[in-house]
Amino acid sequence: MLEINQAGLSWLTILKKREAFRRAYDGFDPEVVGRYRARERRRLLADAGIVRNRLKIEAAIANAARVLELRQSHGSFAAWLGAHHPRSKEEWVKLFKRTFRFTGGEIVGEFLMSIGYLPGAHVESCPVHRRILKLRPPWSRGLRRRAAR
């Protein structure tokens with residue numbers, strides 16, 4: 001949700017509003033947000049503490065509802081991600097664009113890097129990169145499988 005709202009704005013702006021977003025979107029709980037109706041949409045559009053962009057608000061609500069659907073069909077959102085792993089960034093972007101709203105290359109890439117499905121958060125020469133590899137993030141396991149083919 002924060003990635004979607006950051007589009008076109010600075011991260012500093014979003015980070016300063018993070019707690020307001022958390023309150024406005026009921027702790028980012030997809031069970032709650034995915035069931036928002038017109039009343040909650042009006043409340044969000046009137047909330048000066050968050051980004052009041054109708055498209056971003058609609059996307060956040062629709063995406064939460066979609067996560068609930070994926071939980072039903074796959075058992076969890078994590079299982080849905082796992083069912084589609086490994087993929088290149090381009091393949092992930094296409095999948096996310098078909099599945100969710102307001103998800104372009106930057107949003108998808110940043111999200112997948114943050115959860116370990118795509119590399120790139122640290123360059124190979126960075127000491128943190130070596131520590132991350134020891135944790136065997138999903139992107140590193142996918143590379144090993146592709147190299148073995």
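Would you tally the residues in segment 99-142 being surrounded by fewer than 14 Cβ atoms within 10 Å (Cβ to Cβ), of a type in the set (D, E, K, R) and either at pLDDT 90 or above or over 17 Å from HIS84 (Cβ atoms) (or both)?
The total comes to 6.
Of all residues in segment 81-134, which are assigned to a loop (DSSP other than H, G, I, E, B) and aromatic (Phe, Trp, Tyr)?
Across segment 81-134, the qualifying residues are PHE100, PHE102, TYR117.
Which residues, taken from segment 12-44, are in a loop (DSSP other than H, G, I, E, B) and either in contact with a Gly (Cβ under 8 Å, 6 or more places away or on another chain) or not assigned by TED's automatic domain parsing to the domain that holds ALA62 (or both)? Steps first, answer last, please.
Here is the first cut: in segment 12-44, the ones in a loop (DSSP other than H, G, I, E, B) are 17, 25, 29, 34-37.
Across segment 12-44, the qualifying residue is only LYS17.
One line per residue, one yes/no per condition, for (1) charged (D, E, K, R); (2) not assigned by TED's automatic domain parsing to the domain that holds LEU9:
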site: ALA59; (1), (2): no, no
site: ASN63; (1), (2): no, no
site: LYS89; (1), (2): yes, yes
site: GLY109; (1), (2): no, yes
site: LEU112; (1), (2): no, yes
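The values are calculated or read from the model by the stated rules, or taken from the named source; none is laboratory data. Just so we're clear, the structure is a prediction, and the values are computed from it rather than from any experiment. Every residue, glycine among them, receives a Cβ derived from its backbone with ideal geometry; neighbour counts consider all protein chains shown.
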